[in-house]
1. So residue A:61 clears everything in (1) of a type in the set (Phe, Trp, Tyr); (2) exposed (fewer than 15 other Cβ atoms within 10 Å of the Cβ); (3) modelled with pLDDT of 85 or more except one condition, right? Which one?
2. So, of the residues in the range A:222-256 that are among the acidic types (Asp, Glu) and within 20 Å of residue B:273 (Cβ to Cβ), which turns out to be farthest from the other protein chains (Cβ to nearest Cβ)?
3. Can we say residue A:105 is in contact (Cβ under 8 Å) with a residue 60 or more places away in the chain and part of a helix (DSSP H, G or I)?
4. So, in the range A:108-122, exactly how many residues are farther than 15 Å from residue B:35 by Cβ, among the aliphatic types (A, V, I, L, M) and either part of a helix (DSSP H, G or I) or at pLDDT 90 or above (or both)?
5. Can you find even one residue in the range B:167-175 that is part of a loop (DSSP other than H, G, I, E, B) and over 25 Å from residue B:93 (Cβ atoms)?
6. Touching a residue at least 60 places away in the same chain (Cβ under 8 Å), out of contact with any Asp or Glu (no Cβ under 7 Å at 6 or more places or on another chain), open to solvent by less than 30 Å² (accessible area, probe 1.4 Å) and hydrophobic (A, V, I, L, M, F, W, C), is that true of residue A:186?
7. Say we look at the range A:30-51 and pick out the residues that are under 13 Å from residue A:260 (Cβ atoms) and at the interface with chain B (Cβ under 10 Å from one of its Cβ atoms); which of these is surrounded by the fewest Cβ atoms within 10 Å (Cβ to Cβ)?
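The values are calculated or read from the model by the stated rules, or taken from the named source; none is laboratory data. Because the structure is predicted, anything quoted here is derived from the model rather than measured. Positions of Cβ are generated from backbone atoms using ideal geometry, with glycine treated the same way; all protein chains shown enter the neighbour counts. Protein only, heavy atoms only, side chains kept; ligands, DNA and RNA dropped before computing areas. Shrake-Rupley method; radii C 1.70, N 1.55, O 1.52, S 1.80 Å.
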Amino acid sequence: MRAHPLPAHPLPRRRRAATVNTLYYALCVLLVAVFLFPILWSALTSLKPPSEAAATPPTLWPSHLVLDNYATLAGYGAGLVRYVGNSLLVAVITIVLTSILSLLGGYGFSRFQFVGRNVLFVVMLATLMIPFQSILTPLYLILRAIHLQDTLLGLALVYTTFQLPFAIFVMRNSFDSVPREIEEAALIDGCSSVTLLTRVMFPVVLPGVVTVALFAFFGSWNEFLAALIFLNDSDKYTLPVMLLNVQSGLYGSVDWGAVQAGMMLSMLPCIALFLFLQRYYLSGLTQGAVK
Amino acid sequence: MPPVRANTLNPPAARSRPRSRSWWRKQVGLLFVLPSVAFTAVFFLAPLVMTAWMSLHDWPLLGARHFTGLQNYAALLSDGNFWSSLGFTAKYTLVVTPVLFVLAFGLALLVKRSVRWVGLFRTAYFLPVVIGLATSSLLWVWLLNDQVGVFNAGLAAIGVIREPFQWLATTGSALTAIVVMVTWKMVGLTMLLLLIGMQAIPEEFYEAARVDGASPWEQLRFITLPLMRRTFALALVLSVIGSFLAFDPMYIMAGGGPQNSTITTVYWIFKAAFVQFRLGYAASLSVVLLVILIAVSVVQLYLLRDDTRY
């Protein structure tokens with residue numbers, strides 16, 4: 001970098017800085033509009049009377065706010081409550097299993113020396129590199145062989161497996177950062193190893209558990225391909241698969257208002273969880289990226 | 001560290017003793033990791049091995065299967081659908097990766113400054129990342145619809161088009177539409193990665209450069225870009241792997257059409273296995289996809305580990 005004379009500015013320095021600042025904020029706000037516009041428009045449309053939601057050309061503001069679209073959607077197929085329930089059930093099983101298994105696994109890998117420890121840990125991490133898309137066909141056969149194909153439990157077990165490598169990685173790091181003195185003190189106090197894990201260690205590694213649970217939620221709530229393949233019975237569909245059917249008008253002609261109502265149900269839990277638990281979500285992302 | 005201590009504490013004579021209770025006590029850790037290992041074995045390792053085994057068979061969904069050796073792979077070489085799916089996947093990857101990357105870099109530069117509201121801007125740009133890919137695809141089908149879609153209405157309002165345009169009806173415009181959707185949804189993630197990389201560069205480097213009279217462009221060229229090489233590599237590889245596995249947007253937005261022109265490799269595996277019920281053939285496609293992805297991962301490790309430059 002060589003030194004060079006300062007460029008001559010057409011404007012006095014302070015006014016130029018103010019202009020740059022205004023342009024900066026204008027650009028940033030414009031971009032906010034670009035990113036949020038589809039979500040907001042969808043939200044507004046979901047609250048329009050159905051005929052307005054299907055109007056050509058589309059209108060931005062609803063003439064009055066109604067919940068008709070949500071009511072229509074509630075009557076689709078086996079009923080909206082059923083589909084939201086399916087998605088929630090899969091998410092809850094995935095979250096609970098992933099949290100428990102990775103808590104145990106992370107503790108084991110962090111605090112114990114046992115035969116095959118390093119090999120097993122490397123195998124678990126290696127699965128991060130291999131996408132589930134490439135083993136869908138045999139997974140289908142395995143689920144069928146153990147009679148879990150076309151069940152929400154089977155889907156949740158598959159989701160859990162694919163959350164595990166990352167979850168165990170996060171939990172092992174969480175346990176690694178806990179000083180050993182805490183355990184030693186508890187052991188001297190006469191804690192059993194189970195009490196030690198549940199009463200002493202769990203509160204300390206809770207941030208890791210929240211991260212793991214959050215990723216398990218996003219992973220299962222938003223997943224589409226495996227749900228499309230493993231679920232045949234339309235009563236068992238999760239939200240993304242059900243929404244595709246609403247959108248393609250399988251139950252008659254496309255009801256755009258109902259589609260937007262479904263969008264909101266699918267998006268809002270993710271947006272709300274992200275906004276409330278941003279810290280955990282972002283720490284999970286950085287851990288996942290660095291691997 | 002543990003092996004050294006173990007050797008000094010357990011001389012050979014002591015080690016040759018029969019396995020004591022303390023040896024067993026040490027294996028307790030295995031009990032903790034066993035449940036997750038079992039899950040991985042059943043739902044991950046077993047299907048992985050089965051994929052390789054199935055790829056050597058004529059394996060219909062129902063009925064008898066036959067060992068056919070490498071016939072699936074031979075069939076794959078002369079399968080036009082396979083090559084066109086691989087071609088489309090590569091084309092999609094080559095288009096979406098630079099678009100994502102350049103826009104994400106611009107956004108990261110924009111929100112790197114610690115000014116008022118910047119946290120709000122970062123959150124807004126990142127927000128679509130948390131929405132599911134299937135849901136965003138469905139959302140954009142609506143935005144791009146020729147009757148009720150706001151996209152066509154907007155273009156018509158400013159006079160760019162006279163008739164509503166069927167974005168998903170031609171190959172080129174379908175690809176454009178998918179790239180726009182994926183960019184909207186994913187650019188915040190790449191932005192965040194690049195931002196973290198940028199913030200890891202010590203501020204003193206820039207101060208020193210400014211003292212030497214470096215322009216903002218020179219600071220970017222000689223400090224930011226070279227020091228972010230590893231972050232760039234990471235972002236690129238994540239984008240390439242993600243693009244190679246693309247399925248949801250193609251299935252939901254374009255349905256593989258027009259004329260199967262937007263079928264990606266994963267989509268073709270899906271069709272072979274669950275539409276045509278040729279499970280063995282689908283497995284051979286999976287093996288090829290895996291080999292490609294492992295090659296990409298190896299490149300990733302190479303790029304990320306090469307630390308010689310700084």
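1. Checking residue A:61 against (1) of a type in the set (Phe, Trp, Tyr); (2) exposed (fewer than 15 other Cβ atoms within 10 Å of the Cβ); (3) modelled with pLDDT of 85 or more, the one that fails is (3).
2. Narrowing the range A:222-256 to residues among the acidic types (Asp, Glu): A:223, A:233, A:235, A:255.
If we keep only those that are within 20 Å of residue B:273 (Cβ to Cβ) as well, we get A:223, A:233.
Values: A:223: 8, A:233: 15 Å.
Per the criteria, the residue is A:233.
3. On the way: in contact (Cβ under 8 Å) with a residue 60 or more places away in the chain: yes; part of a helix (DSSP H, G or I): yes.
Yes, satisfied.
4. The total comes to 2.
5. The initial filter retains those residues of the range B:167-175 that are part of a loop (DSSP other than H, G, I, E, B), namely B:167-170.
From what's left, over 25 Å from residue B:93 (Cβ atoms): none.
Within the range B:167-175, not a single residue is part of a loop (DSSP other than H, G, I, E, B) and over 25 Å from residue B:93 (Cβ atoms).
6. Details: touching a residue at least 60 places away in the same chain (Cβ under 8 Å): no; out of contact with any Asp or Glu (no Cβ under 7 Å at 6 or more places or on another chain): yes; open to solvent by less than 30 Å² (accessible area, probe 1.4 Å): yes; hydrophobic (A, V, I, L, M, F, W, C): yes.
Answer is no for this residue.
7. Of the residues in the range A:30-51, the ones under 13 Å from residue A:260 (Cβ atoms) are A:38-50.
Then drop every residue that is not at the interface with chain B (Cβ under 10 Å from one of its Cβ atoms), which leaves A:38-39, A:41-42, A:45.
Numbers: A:38: 23, A:39: 19, A:41: 17, A:42: 22, A:45: 27.
Checking each candidate, the answer is A:41.
Table: residues versus (1) over 24 Å from residue A:213 (Cβ atoms); (2) within 8 Å of chain B (Cβ to nearest Cβ); (3) without any contact (Cβ under 8 Å) to a residue 40 or more places away in the chain.
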| site | (1), (2), (3) |
| --- | --- |
| A:122 | yes, no, yes |
| A:145 | yes, no, yes |
| A:154 | no, no, no |
| A:162 | no, yes, no |
